[in-house]
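Enquirer: Take a look at the following structure, please.
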Amino acid sequence: MSGSVVAKRYAKALFEVAAEKKCLDRVEQDLQKVAATFAASPELAMWVGHPSTTAAQKQEVFDKLFADVNEYTKNFLYVLADRRREGIIPEVAAEYKHLANETRGIAEAVVTTAFPLTDENKAEIVKTFEPIIGKKIQITEKVDSDILGGVIVRVGDRLYDGSLKTKLARFQDRLKQSRIG
């Protein structure tokens with residue numbers, strides 16, 4: 001079973017518990033903290049993933065590193081340790097955030113531009129796309145100079161490509177078509 005399918009199942013299970021116990025936000029913050037800790041320390045991730053590291057050792061380290069996390073998050077980490085699934089923590093955190101945002105009516109938009117966005121640009125993108133999507137938009141910004149100019153907005157499986165690179169490619173295709181015909 002692929003990691004992302006497994007991560008989705010674990011995230012959904014944790015999400016359902018957190019929703020029932022009314023601690024969605026707290027568990028989301030905890031997962032972000034845990035994922036950031038693993039991302040910042042490749043040595044930790046390697047040690048936790050090593051076959052000779054026991055579940056009890058992992059739980060002891062989790063108790064020290066994540067003493068302030070919610071009991072449901074901590075129990076979740078213990079389950080991952082028991083099942084040797086710690087490697088999916090970043091995917092679980094991302095999927096959990098997606099589920100929580102769905103519940104809140106928030107869509108995550110990845111906005112790619114050639115240059116960093118100003119606050120005014122972000123506000124304009126939000127104003128433009130919220131009515132189209134029908135949800136509040138939360139922007140994650142990416143800068144890619146290869147698009148030359150314009151903007152690419154991805155919300156879920158929808159892609160709105162207004163990049164200069166794509167417009168030039170379309171123009172070039174039209175020129176080729178007019179020469180052939």
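A quick yes/no check of all residues on (1) in contact (Cβ under 8 Å) with a residue 24 or more places away in the chain; (2) charged (D, E, K, R); (3) not assigned by TED's automatic domain parsing to the domain that holds ALA39:
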{"position": "GLN57", "(1), (2), (3)": "no, no, no"}
{"position": "VAL61", "(1), (2), (3)": "no, no, no"}
{"position": "LYS64", "(1), (2), (3)": "no, yes, no"}
{"position": "VAL69", "(1), (2), (3)": "yes, no, no"}
{"position": "TYR72", "(1), (2), (3)": "yes, no, no"}
{"position": "ASN75", "(1), (2), (3)": "no, no, no"}
{"position": "LEU80", "(1), (2), (3)": "yes, no, no"}
{"position": "ILE88", "(1), (2), (3)": "yes, no, no"}
{"position": "ALA93", "(1), (2), (3)": "yes, no, no"}
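Enquirer: Going through the range 129-148 one residue at a time, which ones are within 13 Å of VAL110 (Cα to Cα) and surrounded by fewer than 16 Cβ atoms within 10 Å (Cβ to Cβ)?
Expert: Hits for the range 129-148 are GLN138, THR140, GLU141, LYS142, VAL143, ASP144.
Enquirer: Now for a different question. Could you say which residue among THR140, THR166 is polar (S, T, N, Q), not assigned by TED's automatic domain parsing to the domain that holds ALA94 and not in a strand (DSSP E or B)?
Expert: Checking each option against the conditions leaves just THR166.
Enquirer: Moving on to the next point. Can you find a residue in the range 38-56 that is loosely packed, with under 14 Cβ neighbours inside 10 Å, closer than 25 Å to VAL143 by Cα and of a type in the set (Gly, Ala, Ser)?
Expert: Within the range 38-56 (the criterion being loosely packed, with under 14 Cβ neighbours inside 10 Å, closer than 25 Å to VAL143 by Cα and of a type in the set (Gly, Ala, Ser)), the answer is yes, since at least one residue qualifies.
Enquirer: I need a count of the residues in the range 106-127 that are of a type in the set (A, V, I, L, M, F, W, C) and part of a helix (DSSP H, G or I).
Expert: Total meeting the criteria: 3.
Enquirer: What number goes with the only condition from (1) under 21 Å from the mean Cα position of the chain (by Cα); (2) within 30 Å of LYS165 (Cα to Cα); (3) of a type outside the set (Gly, Ala, Ser) that ASN101 does not pass?
Expert: (2)
Enquirer: Select, from THR54, THR37, the only residue that is at negative phi and in contact with a helix residue (DSSP H, G or I) (Cβ under 7 Å, 6 or more places away or on another chain).
Expert: Working: THR54 fails: in contact with a helix residue (DSSP H, G or I) (Cβ under 7 Å, 6 or more places away or on another chain).
Within the list THR54, THR37, the selection yields THR37.
Enquirer: Can you confirm whether ARG85 is surrounded by 12 or more Cβ atoms within 10 Å (Cβ to Cβ), closer than 22 Å to ASN101 by Cα and among the charged types (D, E, K, R)?
Expert: Values: surrounded by 12 or more Cβ atoms within 10 Å (Cβ to Cβ): yes; closer than 22 Å to ASN101 by Cα: no; among the charged types (D, E, K, R): yes.
The answer is no for ARG85.
Enquirer: Just the residues that are surrounded by 14 or more Cβ atoms within 10 Å (Cβ to Cβ), of a type in the set (D, E, K, R) and not in a helix (DSSP H, G or I), please, taken from the range 16-37.
Expert: none
Enquirer: List the residue pairs whose Cβ atoms are under 6 Å apart, where the first residue sits in the range 100-129 and is on the phi > 0 side of the Ramachandran plot, the second is crowded, with 17+ Cβ neighbours inside 10 Å, and the two are 6 or more positions apart or on different chains.
Expert: So the pair list comes out as GLY105/LYS135.
Enquirer: Of the conditions (1) in contact with a strand residue (DSSP E or B) (Cβ under 8 Å, 6 or more places away or on another chain); (2) under 19 Å from ASN101 (Cβ atoms), ASP157 satisfies every one except a single condition; which number is it?
Expert: Going through the list (1) in contact with a strand residue (DSSP E or B) (Cβ under 8 Å, 6 or more places away or on another chain); (2) under 19 Å from ASN101 (Cβ atoms), ASP157 breaks only (1).
Enquirer: Considering the range 47-86 alone, what residues qualify as being assigned to a loop (DSSP other than H, G, I, E, B) and more than 18 Å from ALA11 (Cβ to Cβ)?
Expert: HIS50, PRO51, SER52, THR53, THR54, ALA67, ASP68
Enquirer: Taking the residues in the range 69-91 that are farther than 15 Å from ALA45 by Cα and among the β-branched types (Val, Ile, Thr) as candidates, determine which candidate is nearest to the chain's Cα centre (by Cα).
Expert: Of everything passing the filter in the range 69-91, THR73 is nearest to the chain's Cα centre (by Cα).
The values are calculated or read from the model by the stated rules, or taken from the named source; none is laboratory data. What you see is a predicted model, and the numbers here were worked out from it, not measured in a lab. FYI the Cβ positions are ideal-geometry reconstructions off the backbone, even for glycines, and counts take in every protein chain you see.
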